[in-house]
2 protein chains.
Amino acid sequence: MNYREKKVMTIGIVCELTGLSERQIRYYEERKLIFPERTNGKTRKYSFTDIERLVEVAEKIEDGWRTHEIREKERKVTEQQRSDLIRGQLNAAFGLYKKR
Amino acid sequence: MNYREKKVMTIGIVCELTGLSERQIRYYEERKLIFPERTNGKTRKYSFTDIERLVEVAEKIEDGWRTHEIREKERKVTEQQRSDLIRGQLNAAFGLYKKR
DNA sequence: CGTGTAAGGAATTCTGACACG
DNA sequence: CGTGTAAGGAATTCTGACACG
């Protein structure tokens with residue numbers, strides 16, 4: 001695993017790096033926009049990719065997005081990407097979808 | 001600055017990642033083999049390069065090195081590299097040191 | 001809805017010291 | 001010398017709740 005994805009930071013450091021409050025960071029987790037790991041003692045652990053993610057989420061909220069909108073939008077994009085991928089695979093295997 | 005060099009981890013996580021005890025990690029700092037940063041509240045913060053460094057130090061100690069030997073050895077190597085660098089620069093500029 | 005805050009407790013980390021070999 | 005450990009305190013984090021708009 002890459003360093004970027006290792007969950008190693010406590011929330012205090014994440015606050016420093018992102019400029020967000022603990023409250024905000026925990027709230028975005030509650031709204032399923034971010035998924036830290038936990039130590040045995042319940043302390044949250046974040047990765048650098050989580051940092052990037054948090055900044056992205058915070059920006060969208062500043063732009064007026066709701067948390068559930070962010071979540072739904074991303075879910076749909078992922079779904080679309082999956083179907084694109086499958087279509088591509090079928091095409092490569094059988095040439096079912098021809099360009100014209 | 002690269003993620004590898006950001007001082008973001010508390011000692012507990014460093015213990016997990018390196019397999020070393022808190023005692024060992026703090027001792028290597030006392031012996032000037034590693035240099036964590038601090039939060040306002042005195043808590044130590046380590047980077048991924050610190051992790052790599054700690055593993056390297058621990059291996060040398062297992063091989064029978066003393067902490068001051070490790071420090072001195074590295075100091076000398078660095079010194080040598082610096083003088084090599086300067087010689088190279090002089091050579092490039094004036095061709096003082098000719099091969100033959 | 002998204003965020004601030006005070007509250008009380010639990011987990012984490014810190015330092016200085018004693019111990020061993 | 002390098003490391004373990006018990007001790008007591010300080011800093012950090014956690015949860016659930018009340019508040020505002």
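Side notes on the structure shown:
- Leading residue by the ranking (nearest to A:ASN40 (Cα to Cα)) among those in the stretch B:11-37 that are near DNA strand C (Cβ under 8 Å from one of its atoms) and open to solvent by 30 Å² or more (accessible area, probe 1.4 Å): B:GLY12
- Among the residues making up the stretch B:66-84, a single one is in contact with a helix residue (DSSP H, G or I) (Cβ under 8 Å, 6 or more places away or on another chain) and hydrophobic (A, V, I, L, M, F, W, C): B:ILE70.
- Exactly one residue among B:THR49, B:THR67 is more than 30 Å from A:GLY41 (Cβ to Cβ) and hydroxyl-bearing (Ser, Thr, Tyr), and that residue is B:THR67.
- Selection count where residues are open to solvent by 60 Å² or more (accessible area, probe 1.4 Å) and in contact with a strand residue (DSSP E or B) (Cβ under 7 Å, 6 or more places away or on another chain), scope the stretch A:38-48: 1
- Counting the residues of the stretch B:1-45 that are part of a loop (DSSP other than H, G, I, E, B) and closer than 19 Å to A:ILE11 by Cα gives 10.
- Unique match (being within 13 Å of the chain's Cα centre (by Cα) and not small (Gly, Ala, Ser)) among A:PHE35, A:PHE94: A:PHE35
- Subset of the stretch A:49-100 [surrounded by 11 or more Cβ atoms within 10 Å (Cβ to Cβ) and of a type in the set (A, V, I, L, M)]: A:ILE51, A:LEU54, A:VAL55, A:VAL57, A:ALA58, A:ILE61, A:ILE70, A:LEU90
- Against the conditions (1) more than 9 Å from chain B (Cβ to nearest Cβ); (2) within 21 Å of B:THR39 (Cα to Cα); (3) in contact with a Leu (Cβ under 8 Å, 6 or more places away or on another chain); (4) buried (at least 20 other Cβ atoms within 10 Å of the Cβ), A:VAL8 satisfies every one except (1).
The values are calculated or read from the model by the stated rules, or taken from the named source; none is laboratory data. Everything quoted here is computed from the prediction, not taken from an experiment. With ideal geometry, Cβ positions are generated from the backbone for all residues, glycine too; neighbour counts draw on all protein chains shown. Accessible surface is based on the protein model in full, side chains and every heavy atom, while ligands, DNA and RNA are left aside. Shrake-Rupley method; radii C 1.70, N 1.55, O 1.52, S 1.80 Å.
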